[in-house]
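Down below is the structure, laid out as structure tokens.
Values in this text are rule-based calculations from the coordinates and carry no lab data. These figures come from a predicted structure and were not determined experimentally. Neighbour counts run over all protein chains shown; Cβ positions are idealised from the backbone, glycine included.
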């Protein structure tokens, strides 16, 4: 089975699971966050693959509310969108950890790979909101209006992923600038092609974060 086919199957699974969670109507925020985290980890935090995951999850949510009245649909979509937002914020945290890890092994990664990781952080929030708008555009009137309003509100008030990405970038910029200067002064080749990438390392961190959240959720339920 090709990597593309595997990814498509994973995205379809995320869509189906989200739709079922939304139709079930319980713990939507937490459940959608978990579905999104699992799918993002499998996507290795490559930006295009991440966008595909977010699209699949939000599409599943939009399909799941089709039989609901407008008020319930709005609340459900709000919770689902918050779950995706929180999952993406965790992906920003994982990317920061991965870049910090890679910065300590610059010979294996190269500063260009670190810069790509930082660039991806800067567009996470826009990717999220653009995907919300795309789902809204392709949906029926109720979902279109609700998601359009949620996207507009998020633009004004900000998102969890936006805040997390900004904090991560502020932490990393100074360190990466120092590395870049050292590369230039030492004549290091900064365009290396390596087998391990920031996105793969970040996916490992995200998987760990997801497992921690899962255990925390299980402990709360037992109590």
Estimate the FRET efficiency between residue 122 and residue 153 by the formula 1/(1 + (r/R0)^6), using the beta-carbon distance for r and 22 Å for R0, to the nearest 0.05.
-> 0.50
Place a point 7 Å from the Cα of residue 138 in the direction of its beta carbon; the residues of the stretch 19-39 whose amide N falls under 16 Å from it are 19
If the label point sits 7 Å along Cα→Cβ of residue 12, residues of the stretch 29-55 with amide N under 14 Å come out as none
Expected sort for 159, 5 with the fewest Cβ neighbours (10 Å cutoff) up front is 5, 159
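Do me a favour and compute the ellipsoid semi-axes for the stretch 1-59 from its Cα gyration tensor, root of five times each eigenvalue, largest one first, whole Å.
21, 11, 8
Calculate the translational D of the stretch 1-134 in whole µm² s⁻¹ from Stokes-Einstein, where the hydrodynamic radius comes from the Kirkwood formula applied to all Cα pairs, the temperature is 20 °C and the viscosity 1.002 mPa s. Please list the in-between numbers first.
Numbers: Rh = 15.5 Å.
In µm²/s, the coefficient is 139.
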Place a point 7 Å from the Cα of residue 145 in the direction of its beta carbon; the residues of the stretch 57-73 whose amide N falls under 20 Å from it are 61-73
